[in-house]
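Below is one structure, written out as structure tokens, with a few remarks after it.
The values are calculated or read from the model by the stated rules, or taken from the named source; none is laboratory data. Fair warning: this is a prediction, and the values are worked out from it, not measured in the lab. Counting neighbours? That spans all protein chains shown, and the Cβs are built from the backbone with ideal geometry, glycine included. Remember, those area values only see protein heavy atoms, side chains included, never the ligands or the DNA or RNA. Shrake-Rupley method; radii C 1.70, N 1.55, O 1.52, S 1.80 Å.
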Amino acid sequence: MRPTLSLALAATLLAALPAFAATASLPGPPFPRFTDAQALKAQCDRGLAGATTRLHALERHAPDARWNAASDDLNEYIEDVSYPIELAENVHPDKAIRDAAQACVLRWQEFSSAMGQNEKLYRAARAVKPVDAVDREYRKSAIEGFEDAGVGLPPDKRPRAKQINDRVTDLGQQFEKNLRDDAAKVPFTAEELAGVPEPVWKDAPRDAEGHVLLGLDYPIYFPVLERAEQGATRERMWRARSALGGDANLKLLGEIAQLRREYAQLFGFQSYADFVLRRRMAESTVNTQRFLDEVKAVLTERELRDIAELRQAKAQHLGTPLEATKVERWDVAFYTERVRRERYTVDQEAFRPYFPPEQSVQFVMRLAEHMFGVRYTPVQAPVWHPDVRAYAVSDAATGKPLAGLYVDIYPREGKFKHAAVWGFRNVATRNHRLPQAALVANLDRKGLTLEELETLLHEFGHSLHNNLSATRYSAQGGTSVLRDFVEAPSQMLEDWVYDPRVLKVFAEVCPTCKPVPDEMIQKALVARDYGKGIQYGRQHFYASFDLALHAADAPEPMALWARMEGATPLGHVAGTQGPASFAHVATGYAAGYYGYLWSLVVALDLRTAFADRLDPAVGMRYRQKVLAQGSQHPPKELLHDFLGRDANSKAFFEWLKR
């Protein structure tokens with residue numbers, strides 16, 4: 001038996017839901033139906049064969065005015081036949097299909113790394129004469145891609161560069177698979193779960209002794225950390241999640257770091273960070289470290305003050321002497337929420353009745369409709385699980401189709417465990433190609449807290465970047481921007497959920513939903529800044545660890561983590577294995593995790609343009625000058641064009657001190 005959803009069943013399920021009645025078709029091709037692992041492998045074989053044929057044709061193409069388009073034709077083909085398989089690896093309910101997808105993605109990596117060293121294509125890219133700024137940026141990116149893949153290395157070094165690229169991809173896949181497939185459960189008695197909202201655990205499975213078995217997905221994990229009265233309960237849950245990936249992932253990460261260092265040294269760089277950062281907004285390791293030092297100088301006092309307040313709260317709660325009370329890492333969420341409830345009378349759990357998950361998705365879509373002049377229409381389309389919804393995105397003024405969006409928001413075994421967007425098909429205006437993306441999350445079916453609604457809007461921002469892109473070439477579409485800019489459009493929107501006027505839009509998608517009182521929002525807005533020192537101190541630690549891991553010595557990950565975390569105010573907990581679940585560093589954010597803080601600087605500067613967060617004129621200008629542009633112009637140019645000035649960090653540091 002296989003749990004793959006048939007097309008007929010998908011249509012029946014969607015038709016049975018009035019709120020999702022189909023009124024349009026999905027722009028672009030339907031998502032491929034992978035009936036079983038063998039069928040996926042066959043599609044993989046056909047895709048690679050087709051790509052090879054097209055690659056050979058491109059090799060014969062003259063470096064004329066049509067070369068960029070011909071090169072992008074190949075990129076489009078690769079997107080269409082390989083990117084859905086990469087998504088299936090992370091979301092498909094059938095483990096055999098996920099495993100087959102993982103094997104296929106590795107084969108595509110081998111194809112890509114070989115193509116990156118193709119001298120014929122490299123010479124052609126260098127010979128092309130750009131006709132305008134867009135073509136010039138396309139050519140620049142193509143040339144840098146070839147050079148970073150090793151085409152310019154001495155012939156005796158190129159095979160090793162390819163081997164490393166392929167091996168790092170394989171290791172990164174194994175790392176993520178270990179996390180996806182980890183179905184660990186932590187047993188508790190009902191008494192041990194005192195304080196945890198009953199809906200979180202009452203329907204959970206039991207073991208033979210009657211213990212409640214709780215998984216580690218976010219809708220379970222965070223309520224336990226934030227509400228469990230017993231410190232031992234929080235500690236067991238925290239330690240279980242800190243053990244995800246375990247020794248196997250630590251070993252994988254150590255090999256990845258060593259291979260990346262070797263790769264950079266093939267090119268004459270001392271460290272992988274030096275190799276990567278020369279292509280980013282930050283421009284160098286020195287600039288990145290200087291930025292992190294500036295952030296730390298502002299954060300340090302605030303983080304210490306936050307911890308002192310939590311320590312006092314814990315002492316009062318337990319009736320222990322202050323001098324004998326220590327705040328542990330599993331205490332932070334619990335006492336932060338406790339202080340917020342007592343000081344600001346804000347309880348995140350109290351927001352769940354106001355934000356049902358399906359309506360929350362419709363709410364963020366309605367915000368986009370108000371701001372950016374678009375429309376979201378539910379459609380019938382092949383999907384990989386009954387929970388998945390599909391939407392057609394169109395321009396409100398003209399009715400012109402713009403994009404397709406899949407939404408997969410509930411946790412299940414074997415699924416990607418965090419929240420992310422896969423922009424698996426990019427736009428290309430030159431041939432009327434329309435983009436598609438998948439928003440993947442793990443939300444509580446009983447409703448969202450305000451913080452979870454903020455996370456949903458953040459991820460939705462990535463889907464907007466894909467869906468509203470209008471670039472000439474697919475290779476420049478959507479989130480193909482520099483890594484230290486890619487989070488900015490999403491982070492900019494996070495603040496919207498704290499605006500009472502914005503939240504009143506919820507009534508437009510759910511007239512029967514009880515409106516969240518303005519007073520709750522105002523209190524949450526005030527309380528949001530509480531704990532900022534600890535929160536962003538942690539982000540600073542992650543960024544610093546990532547940078548140090550990719551330094552010239554590429555130290556062993558666990559020893560580095562223990563040393564660096566041990567120097568933070570809360571210290572390191574012996575026996576925990578934090579780096580084993582740090583998937584960002586094992587994969588795409590290598591020497592780039594600082595980008596979350598760097599992008600936040602950009603995001604807060606962008607936010608200054610929205611005096612009225614629902615202003616459609618500003619929203620349309622933002623859509624056209626930032627979202628629509630993808631990477632066909634450098635980020636600094638996009639920011640200047642939208643803001644009417646050079647970007648700066650003033651708003652960020654003012655906000656950080658607030």
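If you put +1 on each Lys and Arg Cβ and -1 on each Asp and Glu Cβ, how big is the dipole of the chain around its Cα centre, in Debye rounded to 20? Can you show the working numbers first?
Numbers: 83 positive and 86 negative charges, 215 e Å.
Around 1040 debye, computed over the chain.
For the chain, which whole-number percentage of the solvent-accessible area (1.4 Å probe, protein heavy atoms only) is attributable to carbon and sulfur atoms?
It is 53 percent, rounded to a whole number.
Mind checking which lysines have their Cα closer than 21 Å to the Cα of LYS296? Skip sequence neighbours fewer than 8 apart in that chain.
Answer for LYS296, where 21 Å is the Cα cut-off: LYS532, LYS650, LYS657, listed by chain and number.
Quick one: dipole size for region 119-211, taken about the Cα centre, charges +1 on Lys/Arg Cβ and -1 on Asp/Glu Cβ, in debye to the nearest 20.
Numbers: 17 positive and 19 negative charges, 219 e Å.
That gives a dipole near 1040 debye.
Region 389-455: which GluC sites (Glu not before Pro) are DSSP loop and have at most 16 other beta-carbon atoms within 10 angstrom?
Working: sites: GLU413, GLU451, GLU452, GLU454; in loops: GLU413.
Passing sites in region 389-455 are GLU413.
Please get the size of the charge dipole for region 482-582, origin at its Cα centre, with Cβ charges of +1 on Lys and Arg and -1 on Asp and Glu, quoted in debye to the nearest 20. Before the final figure, lay out the partial values.
Working: 9 positive and 13 negative charges, 58 e Å.
Using only the charged Cβ atoms, the result is roughly 280 debye.
Classify region 501-657 as rounded, prolate or oblate, taking a ≥ b ≥ c as the square roots of the eigenvalues of its Cα gyration tensor: rounded when a/c is under 1.5, otherwise prolate if a/b is larger than b/c and oblate if not. Don't skip to the answer; put the middle values down first.
Working: a/c = 2.31, a/b = 1.46, b/c = 1.58.
It is oblate, given that a/c is not under 1.5 and a/b is not larger than b/c.
Once Lys and Arg get +1 and Asp and Glu get -1 on their Cβ, which of LEU643, ASN118, PHE485 lies farthest toward the positive end of the dipole of the chain?
The one lying farthest along the dipole's positive direction is ASN118.
Looking at the square roots a ≥ b ≥ c of the eigenvalues of the Cα gyration tensor of region 191-324, which shape do they give, rounded for a/c under 1.5, prolate if a/b is larger than b/c, or oblate? Don't jump to the answer; show the numbers that get you there.
Working: a/c = 3.25, a/b = 1.61, b/c = 2.02.
Oblate is the answer for region 191-324, as a/c is 1.5 or above yet b/c matches or exceeds a/b.
Enter the accessible area per residue of region 219-333 (Å², integer; probe 1.4 Å; all protein chains in place). Intermediate values should be presented prior to the final figure.
Working: 5150 Å² over 115 residues.
Accessible area per residue, region 219-333: 45 Å².
Work out, step by step, the length gained on full extension between ALA396 and THR429: first 0.36 nm times the residue separation, then minus their alpha carbon distance; give nm to one decimal. Working shown, then result.
Working: separation 33, 0.36 × 33 = 11.88 nm, distance 1.84 nm.
Net length gain for the segment: 10.0 nm.
Any chance you could run the full-extension gain for LYS120 through HIS317? It's 0.36 nm times the residue separation minus the Cα-Cα distance, nm to one decimal.
Numbers: separation 197, 0.36 × 197 = 70.92 nm, distance 6.97 nm.
Separation in residues times 0.36 nm, less the Cα-Cα distance, equals 63.9 nm.
Rounded to the nearest 5, what % of DSSP beta bridges with both residues in the chain are antiparallel?
Expressed as a percentage, antiparallel bridges in the chain total about 80.
For the residue pair GLU86 and GLN163, what label-to-label distance in nm results when each label sits 7 Å from Cα along the Cα-to-beta-carbon direction?
Label-label distance for GLU86 and GLN163, simple model: 2.5 nm.
Return the inverse of the average 1/r over all pairs of distinct C-alpha atoms in region 525-609, which is the Kirkwood hydrodynamic radius, in Å to one decimal. Write down the numbers at each step before the final one.
On the way: mean 1/r = 0.0702 Å⁻¹.
Mean inverse Cα-Cα distance, inverted, gives 14.2 Å.
From the residues THR608, ALA562, GLN539, which one has its Cα farthest along the dipole of the chain in the positive direction, the dipole being from +1 and -1 charges on Cβ of Lys/Arg and Asp/Glu about the Cα centre?
With unit charges placed on the Cβ atoms, the residue in question is THR608.
Counting other Cβ atoms within 10 Å, which GluC sites (Glu not before Pro) in region 210-298 have at most 16 and lie in a DSSP loop?
Details: sites: GLU226, GLU229, GLU235, GLU255, GLU262, GLU283, GLU294; in loops: GLU229, GLU283.
Filter output for region 210-298: GLU229, GLU283.
Starting from the Cα gyration tensor of region 253-390, take the square roots of the eigenvalues, sort them a ≥ b ≥ c, and report rounded, prolate or oblate (rounded when a/c is under 1.5, otherwise prolate if a/b is larger than b/c, else oblate).
Taking the square roots of the gyration eigenvalues as a ≥ b ≥ c, region 253-390 is oblate.
Choose one of THR429, ALA403, LEU439: the residue whose Cα lies farthest towards the positive end of the charge dipole of region 370-473 (beta-carbon charges +1 Lys, Arg; -1 Asp, Glu; about the Cα centre).
It is THR429.
Any chance you could run the full-extension gain for GLN539 through GLU342? It's 0.36 nm times the residue separation minus the Cα-Cα distance, nm to one decimal. All intermediate terms of the calculation are to be shown ahead of the outcome.
Details: separation 197, 0.36 × 197 = 70.92 nm, distance 2.61 nm.
Working it through step by step, the gained length comes to 68.3 nm.
Using 20 Å as the cut-off for backbone N distance, which residues of region 471-487 belong to the label zone defined by a point 7 Å from the Cα of THR587 along Cα→Cβ?
Counting only backbone N, you get 477-487.
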